[in-house]
Amino acid sequence: MTRTAFLLVAALATTISTPAAASGIAGIWSTGSEGGRVEIYRCGAAFCGKIVDARRLRGNPDLRDVRNSDPKLRQRRIKGLVVLNGFKGGPRSWEGGPVYDPESGDGAPRGRLKLLPDGKLELKGCVAFFCRTKIWSKIG
């Protein structure tokens with residue numbers, strides 16, 4: 001193999017090392033909790049994410065955001081609820097917010113998404129010094 005061909009193959013291998021890296025973060029992700037599925041999609045120049053499925057939604061598609069700490073928001077439907085908003089950056093790390101977890105009713109004004117070498121997505125949301133991290137797997 002010529003030196004040029006070797007360098008081209010090496011460069012290609014490092015830029016497309018996983019299926020998730022090849023397609024970025026857009027797509028359907030398993031949240032690993034309650035059978036949750038979130039679709040991450042382009043929203044203008046940023047990325048957003050909305051709930052598309054969950055075990056409890058299969059039993060009750062009209063499920064509401066009853067765990068929300070804000071009583072005014074408790075009537076929102078869970079299906080289609082935007083839980084990630086305004087994430088910019090890439091190709092392996094994005095920052096934005098807010099981030100919301102309807103399972104707990106908690107949210108964070110800012111968050112970080114990081115595409116891991118194994119193709120999984122690390123989500124981190126912090127309020128003051130208290131942070132929560134979750135790992136999602138791409139399924140579509």
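A short reminder: the numbers here are calculations on the coordinates, not readings from a lab. This structure is a prediction, so every number in the text was calculated from the model and none was measured. With ideal geometry, Cβ positions are generated from the backbone for all residues, glycine too; neighbour counts draw on all protein chains shown.
Site pair C43 and E122 shows an inter-label distance of 2.4 nm when each label is modelled 7 Å from Cα along Cα→Cβ. How big is the gap, in Å, between the Cα center of region 43-61 and the Cα center of region 64-118? Cα centroid to Cα centroid, the span is 10 Å. Which residue, chosen from S104, G27, W94, occupies the Cα position most advanced towards the positive end of the dipole of region 25-138, where the dipole is computed from +1 (Lys, Arg) and -1 (Asp, Glu) charges on Cβ about the Cα centre? Of the options given, the answer is G27. Evaluated on region 25-138, the Kirkwood hydrodynamic radius is 14.2 Å, with distances taken between all distinct Cα atoms. Residues V66, V52, V83, V99, arranged from fewest to most other Cβ atoms within 10 angstrom of their Cβ, appear as V66, V52, V83, V99. Annotation: the residues Y100, Y41, sorted from fewest to most other C-beta atoms within 10 Å of their own C-beta, follow the order Y41, Y100. Annotation: the residues L57, L121, sorted from fewest to most other C-beta atoms within 10 Å of their own C-beta, follow the order L57, L121. Here the dipole of region 25-138 is about 120 debye; that uses its Cα centre as origin and unit charges on the Cβ of Lys and Arg (positive) and Asp and Glu (negative).
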